[in-house]
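Report on one structure; see the data block that follows.
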Amino acid sequence: MMRRLFLFLSLTFLTLSCQAQSWPECLNITYVKAPFNIQNMVMKERALLEKEFEKEGLKINWIPIKAGINQVRGMAAGEIDMVAAMNTSTLLIANANGNKIVIAGGVAHPDDTFAIMAKPEIKSVKDLKNKQIVGPKGTVLHHLLSAALQHEGMTMSDVNWVSMNLPASLTTLLGGRADAALLAAGGVLSAQKAGFHKVTSAKGLIQTNLVLAARADFAQRYPEIVKRVAKVNRQALQWALQNKQDAIAIGAKEHQISEQEAEILFDWSHFYSDITEADLQALQASEKFLLAQKMIKQPVDIPSLLLK
């Protein structure tokens, strides 16, 4: 009797241990190449995640995303486990709304790549009053527009803003159906070629930060997966820096631009991988701004956003 009980308890313990250590069949991670996320492009092009988890048989399911808000929606629905590049404004808004997302590593500080592009007759931010502006809601570009208007004593109510993703924003501007657009990286270059100009960029107005992030419940359940993805993210950046021309060629192909344009975007992006104290201070500044602009209703526990 005791022997049977011992055997039963042993089998139960083994079963529970296997369940505790079991992995998902696949990792659902976003593929976000804009504005110019070299780590993400290198990871996908060189199948670095597939190689990292080959022994475990973990399938990598890349999910193309064009609008940052769709990453948040996908995470809230449990359809996305990790995002390869999310701006911290979006991340703060998501967490303030109860959609817990944690930071697993850094990606870029691309202040130069985010801009408000406008028709030639619009000379300054003040000239945007009562004009139609298009761009993605709940993103760093949304933050940029709000900050630029505030700097000139204006608010979002002073402009006619229509929310749409980056490709649609560029198409709308080029088609003459908007006076200005919130654009990033390749979109900025395309608008410049078409005769539009940069009214302002994020540089000097807000500190931009793109991070590698994970759904909090996924990170809690599968911490090893998240940490290993962060490791591969660092390796991808190291490879890109050591093989810059090869990395630029990958980026040029993915964005369908020239290698000369890709090199400009590479240099504008200011890539990094490890979160610093300066990044935490920038998060606090962003939170303060978002609260003041009523883009979030409650503060976020910023230290809790970092993957332990």
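The values are calculated or read from the model by the stated rules, or taken from the named source; none is laboratory data. Everything quoted here is computed from the prediction, not taken from an experiment. Cβ: placed from backbone, ideal geometry, glycine included. Neighbour counts: every protein chain shown. Heavy atoms of the whole protein, side chains included, go into the accessibility calculation; ligands, DNA and RNA do not. Shrake-Rupley method; radii C 1.70, N 1.55, O 1.52, S 1.80 Å.
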(request) Take the alpha-carbon positions of the stretch 161-207, form their convex hull, and give its projected area averaged over all directions (one quarter of the hull surface) in nm². (result) 3.5
(request) Enumerate the amide H contacts of residue 159 below 5 Å, restricted to partners 5 or more residues apart or on another chain; note that Pro and chain-start residues carry no placed amide H. (result) 130
(message) A 30 angstrom limit on the alpha carbon distance is what I want to check against. Which of 203/297; 126/288; 231/297; 129/253; 44/100 exceed it?
(response) 231/297; 129/253
(request) List, in order, the whole-Hz ³J(HN,Hα) value for each residue of the stretch 182-194 obtained from phi through the Karplus relation with A = 6.51, B = -1.76, C = 1.60 and θ = phi - 60°; use x for Gly and Pro. (result) 8, 10, 9, 6, x, x, 5, 5, 5, 5, 4, 4, 7
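Restricting to bridges with both residues inside the chain, how much of the DSSP beta-bridge set is antiparallel, in percent to the nearest 5?
On the way: 20 of 34 bridges.
Antiparallel: roughly 60 percent of the beta bridges in the chain.
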(message) Just to confirm the filter: which trypsin sites (Lys or Arg not before Pro) across the stretch 49-124 are DSSP coil and have at most 16 other Cβ within 10 angstrom of their Cβ?
(response) 55, 66, 123
(message) Taking mean projected area of the Cα convex hull in nm² straight from the coordinates, which label in (1) 18.0; (2) 19.9; (3) 16.5 is the correct one?
(response) (1)
(request) Just name one of 282, 226, 202: the one whose Cα is farthest towards the positive end of the charge dipole of the stretch 155-308 (beta-carbon charges, Lys/Arg +1, Asp/Glu -1). (result) 226
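Given a 1.4 Å probe and heavy atoms of the protein chains only, how would you sort 156, 86, largest accessible area at the top? Before the final figure, lay out each step's value.
Numbers: 156 45, 86 0 Å².
Solvent-accessible surface, decreasing: 156, 86.
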(request) Quick one: net charge around residue 112, please, counting Lys, Arg +1 and Asp, Glu -1 for every other residue with C-beta under 12 Å from its C-beta. (result) 0
(request) Kindly state, to the nearest 0.05, the FRET efficiency for residue 150 paired with residue 278, given R0 = 22 Å and r defined as their beta-carbon distance. (result) 0.45
(request) Just grab the label-to-label distance for residue 260 and residue 220, each label 7 Å out from Cα along the Cβ direction, in nm (one decimal). (result) 5.3
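Okay, helix-only estimate at 222 nm for the chain: each DSSP H run of n ≥ 4 adds -39500 (n - 2.57), divide by all residues, round to 500 deg cm²/dmol; what do you get?
Numbers: 13 runs with 145 residues, N = 308.
Rounded to the nearest 500, the figure is -14500 deg cm²/dmol.
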(message) Per residue of the stretch 24-37, what does 6.51 cos²θ - 1.76 cosθ + 1.60 with θ = phi - 60° give for ³J(HN,Hα)? Whole Hz please, x for Gly and Pro, Karplus curve as stated.
(response) x, 5, 8, 10, 8, 10, 6, 10, 10, 8, 8, x, 6, 7
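Where does the charge balance sit around residue 154 when Lys and Arg score +1, Asp and Glu -1, over other residues with C-beta under 12 Å from its C-beta?
Numbers: positive: 126, 129, 131; negative: 127, 152, 158.
With Lys, Arg at +1 and Asp, Glu at -1, the net is 0.
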(message) Between the stretch 82-127 and the stretch 247-267, how far is it from one alpha carbon centroid to the other, in angstrom?
(response) 21
(request) Any aspartates and glutamates with Cα under 12 Å of the residue 59 Cα? List them, leaving off those in the same chain fewer than 8 positions away. (result) 25, 50
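I want the local charge near residue 124. Using Cβ-Cβ distances under 12 Å, sum +1 for each Lys or Arg and -1 for each Asp or Glu among the other residues. Display every interim value, and only then the final one.
Working: positive: 123, 126, 129, 131, 198; negative: 121, 127, 152.
So the surrounding residues net to +2.
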